[in-house]
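The next block holds one structure in the form of structure tokens; read it before the comments.
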Amino acid sequence: MNKVEIFIANESHFDYAQEICSVIETSAKDRGTGIAKRTPEYIEKKIKAGNAVIALNGNEFAGFCYIEAWSHGKYVAHSGLIVHPNFRKQGLAKRIKEFIFNYSLEKYPEAKIFGITTGLAVMKINSKLGYKPVTFSELTDDPKFWAGCQTCTNFEILKSKDYKMCMCTGMLYNPKDNVEESNSNLEPEPWFKEKILKRLKRIKQRMLK
Ligand SMILES: CC(C)(COP(=O)(O)OP(=O)(O)OC[C@H]1O[C@@H](n2cnc3c(N)ncnc32)[C@H](O)[C@@H]1OP(=O)(O)O)[C@@H](O)C(=O)NCCC(=O)NCCS
């Protein structure tokens with residue numbers, strides 16, 4: 001078996017765009033959770049701009065994630081994180097997130113990095129990278145970012161809560177608050193308590209649905 005390697009994606013990786021979208025969509029259906037839909041054209045646009053990373057096992061697709069800049073580059077988000085089911089639970093998402101995190105700090109050194117997710121794995125990885133949970137009001141107010149939620153099954157909840165809360169948790173990394181280099185081998189930050197977050201998710205499901 002080849003070793004999975006992570007690259008900044010380029011046009012030679014366009015052929016993977018369809019598979020990336022299919023795995024994202026199937027995984028969301030399997031989890032029964034909402035996720036923003038992506039098209040192959042959108043993935044190709046991200047790749048072309050040098051804003052995507054891809055993980056490959058030889059020629060076999062293993063994982064993907066891309067950067068989006070919002071509010072005129074004041075914020076960046078890492079979106080579309082996906083690990084192919086054959087490569088899960090081997091630390092690959094953690095490697096991809098670390099890679100894209102360091103890459104975007106180089107590319108957008110002034111930007112705050114944020115994400116929204118319902119996924120505990122992503123919350124755990126982000127907590128180790130130094131992200132903090134925040135309310136949606138601390139994230140970008142760029143309408144184009146929130147428009148991306150329209151294809152999520154939870155969009156009606158977000159709308160009914162006036163874009164102030166939803167099933168996702170908002171997380172923010174401010175480079176100005178984190179002068180020391182992040183190290184994902186550290187313990188998760190104290191805010192990451194798996195049991196509590198699972199409970200919170202259940203409460204939100206009951207209250208918001
Ligand atoms: C979520 C996903 C990216 C995780 O990928 P992965 O390569 O299996 O994750 P890793 O092996 O790097 O695990 C990272 C950490 O999260 C934990 N983790 C992984 N899956 C988990 C789960 N379902 N629930 C709770 N914790 C989980 C791991 O134990 C690990 O913790 P550690 O650092 O203490 O060892 C993958 O399951 C996936 O692609 N899912 C579908 C798409 C998705 O949910 N994307 C995220 C959208 S925001």
First in the range 83-94 and within 6 Å of the ligand (Cβ to nearest atom), second anywhere and in a strand (DSSP E or B) and not aliphatic (A, V, I, L, M), Cβ under 9 Å, 6 or more apart: VAL83/GLY63; VAL83/PHE64; LEU92/GLY63; ALA93/GLY63; ALA93/CYS65
Looking at the range 27-55 only, could you name the residues that are within 14 Å of the ligand (Cβ to nearest atom) and aliphatic (A, V, I, L, M)? ALA28, ILE35, ALA36, VAL53, ILE54, ALA55
Quick count over the range 84-118, residues being under 24 Å from SER71 (Cβ atoms) and of a type in the set (Gly, Ala, Ser), is 3
Can you give me the number of residues within the range 64-82 that are touching a residue at least 60 places away in the same chain (Cβ under 8 Å) and more than 9 Å from the ligand (Cβ to nearest atom)? 6
Do we find that ILE24 is without any contact (Cβ under 8 Å) to a residue 60 or more places away in the chain, within 14 Å of the ligand (Cβ to nearest atom) and under 19 Å from ALA121 (Cβ atoms) in this structure? yes
What is the residue count in the range 79-106 for residues that are under 25 Å from GLU138 (Cα atoms) and in contact with a Phe, Trp or Tyr (Cβ under 7 Å, 6 or more places away or on another chain)? 2
Given the conditions (1) at negative phi; (2) touching a strand residue (DSSP E or B) at 6+ places or on another chain (Cβ under 8 Å), every one holds for ASP15 apart from (2)
Out of GLY115, GLY130, which single residue is of a type in the set (Gly, Ala, Ser), out of contact with any Leu (no Cβ under 6 Å at 6 or more places or on another chain) and either touching a residue at least 60 places away in the same chain (Cβ under 8 Å) or near the ligand (Cβ under 10 Å from one of its atoms) (or both)? GLY115
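Yes or no, residue by residue, for (1) outside any helix (DSSP H, G or I); (2) modelled with pLDDT under 85; (3) basic (Lys, Arg):
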residue	(1), (2), (3)
GLU5	yes, no, no
HIS13	no, no, no
ILE20	no, no, no
ILE24	no, no, no
SER27	no, no, no
GLY34	yes, yes, no
LYS37	yes, yes, yes
TYR42	no, no, no
LYS45	no, no, yes
Wholly within the range 88-170, helices (runs of 4 or more DSSP H) carrying at least 1 residues that are basic (Lys, Arg) and loosely packed, with under 14 Cβ neighbours inside 10 Å: 143-147, 155-160
If you check every pair at least six apart or on different chains, which have Cβ atoms under 8 Å apart with a residue in the range 151-167 that is over 23 Å from LYS29 (Cα atoms) and of a type outside the set (Asp, Glu) first and a residue that is at pLDDT 90 or above and not in a loop (DSSP other than H, G, I, E, B) second? TYR163/PHE136; TYR163/TRP146; LYS164/PHE136; LYS164/SER137
Which number in (1) within 11 Å of the ligand (Cβ to nearest atom); (2) over 23 Å from GLU194 (Cβ atoms); (3) touching a residue at least 40 places away in the same chain (Cβ under 8 Å) marks the one condition that PRO109 misses? (1)
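The values are calculated or read from the model by the stated rules, or taken from the named source; none is laboratory data. Keep in mind the model is a prediction, meaning the values are calculated, not measured. Because the Cβ atoms are built from the backbone with ideal geometry, glycine has one as well, and the counts that use them run over all protein chains shown.
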